[in-house]
Amino acid sequence: MDILYNIFIDPFVQMGSAPDLFVQTLWEGLVSGVLYALIALGFVLIFKASGVFNFAQGIMVVFAALTLVGLYEAGVPAILALVLTIGVMFVLAVGVERIVLRPLVNQPDIILFMATFGLTYFLIGFGELVFGGNPKVMITDELYLPRGSVEFEMLGGFVSLQKIDITAAVIASIMVASLAVFFQKTRIGRALRAVADSHKAALSVGISLNQIWIIVWFTAGIVALATGIMWGARSEVSFALQIIALKALPVLILGGFTSVPGAIVGGLIIGVGEKLGEFYWGPLVGSGIESWLAYVIALGFLLFRPQGLFGEKIIERI
Amino acid sequence: MFYREAGQFKTNYAADMAVFPILQDKIGIALILTLALVVIPLAGNAFFLSVVMIPFLIFALASIGLNLLTGYTGLLSLGTAGFMGVGAFACYKLTTIFPGVNIIVWILTSGLFAAAVGVFFGLPSLRIKGFYLAVATLAAQFFLQWCFIRIPWLYNYNVSGAIEVPTRTLFGIAVTGPNASPEMRYYVVLGVVILLTWVASNLVHGRIGRSWMAVRDMDIAAELMGIKLLPTKLLAFAVSSFYCGVAGALMVFLWYGGAEPEVFSINQSFLILFMVIIGGLGSLTGSFFGAALIYILPIVLRGAPSLVGLDIGAATVEHLTFMIVGALIIFFLIVEPHGLARLWQTGKQKLRVWPFPY
């Protein structure tokens, strides 16, 4: 009975008795959820348009952030460095399309998945070769990102919010909104959705697949850059960051591979679940459950909805 | 010229379905076995045996395990290293609790523990497929790795949190532990790998293998043809995890001689997945090719600059190795998406019709 009490009642009693602490944990969960969601967003964009499960999204985040900081350290003004980094991401998109995707058209998913693995290895080696393996500090001030924290008095205690986290949330919302407008209202967005529906049909009405892929990888690159800046500002820019790509996987399957809103909702659920679980239930089994809790949450959802929360229903024919 | 099947007539069904239908293949496999059993231990030095051959064989075994699951049954798994870890820790616990029993018995038994864990984590495979399943196996990977760190009972409450392999003997000769000679360890690994490869070959050429492949090609159709999905998929998970578990036990006991939980991290899983895909999905020979390429290539690349006489820093070489391996993975996928095993088949076909290209 003691165990049951510890699992089912005690954590909620704790939440009730210290609501400010609960809100603080919730907020931290939401923030990391936003960052997971940003990475998942990059995945979803590429998966929708080219059916490629892009494992390299994580390293793209690191690579973009490293390029930005590296350029700044080389003496380029911050804003110019930002523009140049976007240029680098464009070159990367073109390169990936030319060298990796085009020869592998029409191969099974797992082969393309492996190819993005090769890309990951290549980018790790290349990034370390050019920028060195040491962690770097993100140029927060130079990019006019706010620092410090805001404190609220609420529920009989203090809740402190990092300004950079608020900025991350705002930027993520802007990004999702503009992507939604881009997908729904523009010509290219319509073409992207057509490609996502069916490659062959899109080709037959005159949509250039190659162009679409470049655009999609470039967009994913920009999303990666934004993620890199935000995540880098919270900790530091290092290759350890690419591990968060693995954290984006449960977010993806939770939301469904093809859904942009799914990526956001999934990210928030995973982020909040992870932080609350670690904080309230973690001590019961020894801490560190953050490393696998996300996958178990996702697995739990999957058992009831095999296509994720927002994924298209899987129809199988013989 | 030498590789012809002309004049070799098959007079019964068994001969037609043989694993090595052509005489030259039989000679070839016999040559490879003599090479592995006699020539390499005689000619190779201790460094070659313990740094190249033993790890290569162990990785090949793990690749065969994953290939049974991913290549033959079509279930993508990213939890290989976790299952290997189960094997290693199970073997460690067994041999410290029952030190008197032959170590090889425990290495093979520890595979059964990995199989049980594999079946448990394979349960969701009935409902979820493809990349969704990959994430389910990731849950296994991270959960198991967490267990290896957080449950001190598993590593006998060692202060270091790592397992150290005790010395165990076979007929009075040390097999594991610091005193074991590389030759002895090599023979044990080779024996286990040959035995398990033979078993795997028989499995995939028989009824079980055919039902796995039917499930891989389309599971609904397979179900309609009367193949029970749940037992088939779970059996694939069990056998695959058994192989991985044995490979993990061999890895710790006969190669590393001790291990931290870090050894069984996600990167190890990815490495073995590389081997399977580069080698060829659904091919046992491919598993050996893949293991050879992915494991031995970086060693060669690291050694290459100093051989040629170039003076490059160790860190730079490491980065360049990463780049080259990454580029080669993409290159091989573009040239032959079906892996090295398919290249091997094409080569043999070319040899058969030589000197005419058709």
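Quick look at the values:
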| quantity | calculated |
| --- | --- |
| Single unsatisfied condition, A:Met60 versus (1) over 13 Å from A:Val96 (Cβ atoms); (2) surrounded by 24 or more Cβ atoms within 10 Å (Cβ to Cβ); (3) aliphatic (A, V, I, L, M) | (1) |
| In region A:189-216, the residues that are farther than 18 Å from A:Thr258 by Cβ and in contact (Cβ under 8 Å) with a residue 24 or more places away in the chain | A:Asn210, A:Ile214 |
| Residue list for region B:42-74, restricted to those being surrounded by fewer than 24 Cβ atoms within 10 Å (Cβ to Cβ), of a type in the set (S, T, N, Q) and in contact (Cβ under 8 Å) with a residue 60 or more places away in the chain | B:Ser50 |
| Those helices (runs of 4 or more DSSP H) lying entirely in region B:1-93 with at least 2 residues in contact with a Ser or Thr (Cβ under 8 Å, 6 or more places away or on another chain) | B:54-66 |
| Residue within region A:86-94 that is more than 22 Å from A:Leu68 (Cβ to Cβ), part of a helix (DSSP H, G or I), modelled with pLDDT of 85 or more and not hydroxyl-bearing (Ser, Thr, Tyr) present | no |
| Enumeration of residues in region B:231-273 that are surrounded by fewer than 21 Cβ atoms within 10 Å (Cβ to Cβ), more than 14 Å from chain A (Cβ to nearest Cβ) and not in a helix (DSSP H, G or I) | B:Gly257, B:Gly258, B:Glu260 |
| Residues satisfying the stated conditions in region A:113-139, i.e. in a helix (DSSP H, G or I), over 15 Å from A:Val61 (Cβ atoms) and among the small types (Gly, Ala, Ser) | A:Ala115, A:Gly118, A:Gly125 |
| Meets criteria (surrounded by fewer than 22 Cβ atoms within 10 Å (Cβ to Cβ) and assigned to a helix (DSSP H, G or I)) for A:Leu254 | no |
| Matching option when the condition is surrounded by fewer than 23 Cβ atoms within 10 Å (Cβ to Cβ), polar (S, T, N, Q) and within 25 Å of A:Ala115 (Cβ to Cβ), among B:Gln349, B:Gln345 | B:Gln345 |
| Elements of type helices (runs of 4 or more DSSP H) contained in region B:288-358, each with 3 or more residues being within 14 Å of another protein chain (Cβ to nearest Cβ) and over 27 Å from B:Glu5 (Cβ atoms) | B:297-308, B:314-335 |
| Test for A:Ala172: is it within 24 Å of the chain's Cα centre (by Cα), part of a helix (DSSP H, G or I) and at pLDDT below 85 | yes |
| Failed item in (1) aliphatic (A, V, I, L, M); (2) in contact with a Leu (Cβ under 9 Å, 6 or more places away or on another chain); (3) not in a helix (DSSP H, G or I), with B:Leu281 passing the rest | (2) |
| Flag for A:Lys313 being more than 11 Å from chain B (Cβ to nearest Cβ) and at pLDDT 75 or above | no |
| Test: residue in region A:19-26 that is open to solvent by 70 Å² or more (accessible area, probe 1.4 Å), over 23 Å from the mean Cα position of the chain (by Cα) and in contact (Cβ under 8 Å) with a residue 12 or more places away in the chain | yes |
| Qualifying position, being touching a Ser or Thr at 6+ places or on another chain (Cβ under 7 Å), open to solvent by less than 70 Å² (accessible area, probe 1.4 Å), more than 30 Å from A:Thr25 (Cβ to Cβ) and assigned to a helix (DSSP H, G or I), among A:Leu192, A:Leu101 | A:Leu101 |
| Contacts under 8 angstrom Cβ, first residue in region B:156-170 being hydroxyl-bearing (Ser, Thr, Tyr), partner open to solvent by less than 80 Å² (accessible area, probe 1.4 Å) and part of a loop (DSSP other than H, G, I, E, B), 6 or more apart | B:Thr167/B:Gly177; B:Thr167/B:Ala180 |
| Residue within region A:126-136 that is away from chain B (no Cβ under 14 Å) and open to solvent by 40 Å² or more (accessible area, probe 1.4 Å) present | yes |
| Flag for B:Val276 being among the β-branched types (Val, Ile, Thr), open to solvent by less than 10 Å² (accessible area, probe 1.4 Å) and under 28 Å from B:Leu144 (Cα atoms) | yes |
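Residues checked against (1) within 22 Å of B:Val263 (Cα to Cα); (2) within 14 Å of chain A (Cβ to nearest Cβ):
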position: B:Pro152; (1), (2): yes, yes
position: B:Glu164; (1), (2): yes, no
position: B:Gly172; (1), (2): no, no
position: B:Pro178; (1), (2): yes, no
position: B:Ser181; (1), (2): no, no
position: B:Leu195; (1), (2): no, no
position: B:Leu203; (1), (2): no, no
position: B:Leu229; (1), (2): no, yes
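The values are calculated or read from the model by the stated rules, or taken from the named source; none is laboratory data. Keep in mind it's a predicted model, so treat the numbers as computed, not measured. Note that each Cβ is placed from the backbone with ideal geometry, even for glycine, and that neighbours are counted across all protein chains shown. Protein only, heavy atoms only, side chains kept; ligands, DNA and RNA dropped before computing areas. Shrake-Rupley method; radii C 1.70, N 1.55, O 1.52, S 1.80 Å.
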